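Below: the structure, in structure tokens.
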Amino acid sequence: MELLTNKVCMITGASRGIGRETAYRFAEEGAVLYVTDYQDGSLDSLVDILSEKYHTDITPLYFDVTDERAAKAAIMEVKKRHGRLDVLVNNAGIMRDNVIGMIGQKLVKDVFDINVFAVINMIQLANRLMVRQKSGCIINISSIVGVEGAAGQLVYSASKGAVAALTKAAAKELAPHGIRVNAVAPGLINTGLLQAIGDEKIAENLKNVKMGRLGEPLDVANVLVFLASDLAGYVTGEIIGVDGGAQV
Ligand code: NAP
């Protein structure tokens with residue numbers, strides 16, 4: 001049984017990492033897909049593979065999630081073509097770190113613009129369609145450091161903590177409209193975002209992962225499939241760890 005048959009789903013930041021793997025898994029489960037990224041052409045191979053392999057109805061949309069007008073146009077495109085949006089996965093995000101005392105305002109702004117303000121904007125845009133259809137599912141990507149904090153990651157931790165808090169707030173406000181809002185809080189997941197911190201730091205952090213391995217994007221994507229599906233029909237306001245038992 002496919003879990004997402006005919007559900008109209010949007011995944012932001014789908015050109016690589018967790019977003020790309022989620023697009024694969026959603027396609028396997030029969031979803032109608034809108035995948036987004038901001039570099040023109042970066043979704044071409046994904047679109048080709050999924051439409052050939054699973055005959056997925058998949059549309060690439062190119063915009064920067066921080067561009068409010070472009071984000072609105074993207075949601076309007078979904079409305080025009082399918083008249084509904086069942087699942088929004090707010091996956092696009094960045095990690096930029098510096099130690100306390102060296103954190104510049106640009107770093108704070110860049111991280112919060114993408115990881116927090118764009119997520120709030122996307123939730124508001126999706127909400128307009130979902131309230132009308134009296135159903136919907138929004139999934140945000142927090143992080144283990146958003147719940148626990150991490151040394152050297154003040155800004156990124158704060159941004160992902162904000163995602164956890166706004167997930168819970170939105171879940172409370174939107175539940176009466178039939179809209180579920182949840183988040184996952186991944187630990188160390190083997191993507192470009194993690195690799196940017198370097199092998200030495202990754203090996204050091206891995207010592208704190210009880211399962212003794214990095215997570216793969218598929219580990220997160222499988223949980224996202226569950227949350228997006230009707231199997232999770234009574235689950236809202238949850239922040240689900242996907243971290244192999246990590247302690248930061
Ligand atoms: P990734 O491999 O760096 O992928 C991030 C994706 O987001 C890319 O496709 C990127 O596009 C896109 N993106 C970034 N800024 C964007 C913008 N302004 N507008 C549109 N798209 C944008 O990262 P990932 O590891 O898969 O991370 C996905 C999410 O999981 C993020 O929210 C991250 O914070 C969270 N997370 C990751 C980990 C981990 O260990 N990997 C742990 C906890 C949480 P380009 O490819 O064009 O740059």
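The values are calculated or read from the model by the stated rules, or taken from the named source; none is laboratory data. The model shown is predicted, which means the values in this text are computed figures rather than measured ones. Glycine gets a Cβ as well: all are built from the backbone with ideal geometry, and neighbour counts include every protein chain shown.
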Members of segment 22-66 that are among the charged types (D, E, K, R), surrounded by fewer than 22 Cβ atoms within 10 Å (Cβ to Cβ) and touching a Pro at 6+ places or on another chain (Cβ under 8 Å): 44
Within segment 193-230, work out how many residues are among the small types (Gly, Ala, Ser) and free of Cβ contacts under 8 Å to residues at least 12 places away in the same chain. 2
I'd like to know if segment 42-50 contains one or more residues that are of a type in the set (A, V, I, L, M, F, W, C), part of a loop (DSSP other than H, G, I, E, B) and touching a residue at least 60 places away in the same chain (Cβ under 8 Å). no
Go through 154, 193 for me and flag whichever is within 14 Å of the ligand (Cβ to nearest atom), among the hydrophobic types (A, V, I, L, M, F, W, C) and more than 18 Å from residue 238 (Cβ to Cβ). 193
If residue 130 satisfies all but one of (1) surrounded by fewer than 21 Cβ atoms within 10 Å (Cβ to Cβ); (2) assigned to a helix (DSSP H, G or I); (3) more than 12 Å from the ligand (Cβ to nearest atom); (4) not aromatic (Phe, Trp, Tyr), what's the number of the condition it fails? (1)
Residue 202 versus (1) within 16 Å of the ligand (Cβ to nearest atom); (2) out of contact with any Leu (no Cβ under 7 Å at 6 or more places or on another chain); (3) in a helix (DSSP H, G or I): which is the lone unmet condition? (2)
Among 22, 36, which is of a type in the set (Val, Ile, Thr), part of a strand (DSSP E or B) and touching a Leu at 6+ places or on another chain (Cβ under 8 Å)? 36
Failed item, numbered, when residue 98 is tested on (1) within 30 Å of residue 150 (Cβ to Cβ); (2) of a type in the set (S, T, N, Q); (3) not in a loop (DSSP other than H, G, I, E, B): (3)
Residue list for segment 222-248, filter: among the small types (Gly, Ala, Ser) and farther than 15 Å from residue 187 by Cα: 228, 229, 232, 233, 237
Can you tell which of 92, 70, 126 is without any contact (Cβ under 8 Å) to a residue 40 or more places away in the chain and among the hydrophobic types (A, V, I, L, M, F, W, C)? 70
Subset of segment 26-42 [within 22 Å of residue 228 (Cα to Cα) and near the ligand (Cβ under 10 Å from one of its atoms)]: 35, 36, 37
Would you point out which residue out of 165, 150, 175, 169 is surrounded by 16 or more Cβ atoms within 10 Å (Cβ to Cβ), on the phi < 0 side of the Ramachandran plot and not basic (Lys, Arg)? 150
Please go through (1) surrounded by fewer than 20 Cβ atoms within 10 Å (Cβ to Cβ); (2) touching a strand residue (DSSP E or B) at 6+ places or on another chain (Cβ under 6 Å); (3) modelled with pLDDT of 95 or more; (4) not in a strand (DSSP E or B) for residue 213 and return the number of the only condition it doesn't satisfy. (2)
Check 139, 114, 103 and return the single one that is outside any helix (DSSP H, G or I) and buried (at least 18 other Cβ atoms within 10 Å of the Cβ). 139
Residue identified as within 15 Å of the ligand (Cβ to nearest atom), of a type in the set (Asp, Glu) and out of contact with any helix residue (DSSP H, G or I) (no Cβ under 6 Å at 6 or more places or on another chain) among 173, 148: 148
